[in-house]
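J.: Dropping a structure here in structure tokens format, bear with me for questions.
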Amino acid sequence: MLAIIGGSGLNQLANLEVSRRQIVRTPYGEASGPVTFGRIGDGEVAFLARHGYGHTLAPHEINYRANLWALREKGVTRILAVCTVGGIAPGLGAGALVVPDQIIDYTWGRKSTYFEGAEEPVVHVDFTHPYCGETRRMILDAAAEAGVAVADGGTYAATQGPRLETAAEIDRLERDGAHLVGMTGMPEAALARELAIPYASLALVANPAAGRGASAQAVSMEEISRVMKETMGSVRLVVERMVARHGHP
Ligand code: HPA
């Protein structure tokens, strides 16, 4: 089954016919909330709100291990993760949508592996290409069918948050080769890989990153809200197309 992990601004799927909600217990504690199961058209889908349904969990407080474990436990075999980011590359202005193809992880102190503890043998998973190529292609095709412009590829810098970055930090991320910056892409992607769940992301650029363009002096929260409201419709179109095409048990 396909699952959608919804980020900021996507706490529910508007056209989802909900069949059930289930709280899943995991060995890692509680997921961000119950997993919602339902259909969009003929496509079956599971949905999980990353920050909780009331958006109460900060990026570093999210129990990523429980979230991914719960989805796998419920039979999820593919994940489309929606996230909100700041744009670093000049072409990625507010309102742009991106399917990233690389990650640089700057987060710290998060529980970021299943392979730890006395009983667990250490496993080093391959993460050369952190997103599933097939799933990326499905998202890009769904976007094309929905008539929504989406940039193919980009390096996602995962920062710790919850504060936004300094202008100098964004300069550094750019020198490192990052094109977009968000707070929730990791360890989510790595945990999906550890569980061997095909995983890719659709990122919505909500603002120019700190120090860039309209964020030269400050990042405006009002602008972020406005852009997210304006662009979430396109995200929904892509997600719905993806579910309609690939949502089957
Ligand atoms: N930085 C980090 N995360 C974000 C941003 C940003 O500028 N915008 C939305 N999520």
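The values are calculated or read from the model by the stated rules, or taken from the named source; none is laboratory data. In this text the structure is predicted, and so the values were computed from the model without any measurement. Methodologically, a virtual Cβ is constructed for each residue, glycine included, from the backbone with ideal geometry; neighbour enumeration extends over all protein chains shown. In case anyone asks, the SASA skips ligands and DNA or RNA and just uses the protein heavy atoms, side chains included. Shrake-Rupley method; radii C 1.70, N 1.55, O 1.52, S 1.80 Å.
J.: Does segment 135-178 hold any residues that are of a type outside the set (A, V, I, L, M, F, W, C), out of contact with any helix residue (DSSP H, G or I) (no Cβ under 7 Å at 6 or more places or on another chain) and over 23 Å from Ala192 (Cα atoms), and which are they?
T.: Selection gives Gly147, Arg163, Glu165, Thr166, Glu169, Asp171, Arg172, Glu174, Arg175, Asp176, Gly177.
J.: State which residue is nearest to Pro90 (Cα to Cα) when the search covers only segment 211-223 and only residues that are within 12 Å of the ligand (Cβ to nearest atom) and not in a helix (DSSP H, G or I).
T.: In this case the residue turns out to be Arg212.
J.: Tally up the residues in segment 94-119 that are acidic (Asp, Glu) and either farther than 29 Å from Pro27 by Cα or in a strand (DSSP E or B) (or both), please.
T.: Of the residues in that region, 2 qualify.
J.: Out of everything in segment 39-73 that is assigned to a loop (DSSP other than H, G, I, E, B) and among the polar types (S, T, N, Q), what residue ends up being surrounded by the fewest Cβ atoms within 10 Å (Cβ to Cβ)?
T.: Thr56
J.: Assess whether Gly182 counts as being farther than 21 Å from Ala70 by Cβ and at pLDDT 95 or above.
T.: Yes; evaluated as a whole, the condition is true for this residue.
J.: Still on this structure, I have one more. Could we say that His179 is under 18 Å from the mean Cα position of the chain (by Cα) and within 16 Å of the ligand (Cβ to nearest atom) here?
T.: In short, yes.
J.: Within segment 163-171, is there a residue that is modelled with pLDDT of 95 or more, over 12 Å from the mean Cα position of the chain (by Cα), more than 13 Å from the ligand (Cβ to nearest atom) and open to solvent by 20 Å² or more (accessible area, probe 1.4 Å)?
T.: Checking segment 163-171: at least one residue is modelled with pLDDT of 95 or more, over 12 Å from the mean Cα position of the chain (by Cα), more than 13 Å from the ligand (Cβ to nearest atom) and open to solvent by 20 Å² or more (accessible area, probe 1.4 Å).
One line per residue, one yes/no per condition, for (1) within 13 Å of the ligand (Cβ to nearest atom); (2) in contact (Cβ under 8 Å) with a residue 12 or more places away in the chain:
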position: Leu195; (1), (2): no, yes
position: Ala209; (1), (2): yes, yes
position: Ser225; (1), (2): yes, no
position: Val239; (1), (2): no, yes
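Matching residues to (1) touching a strand residue (DSSP E or B) at 6+ places or on another chain (Cβ under 8 Å); (2) modelled with pLDDT under 95:
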position	(1), (2)
Ala49	yes, yes
Val76	yes, no
Ala89	yes, no
Gly93	yes, no
Val99	yes, no
Glu116	no, yes
Val122	no, yes
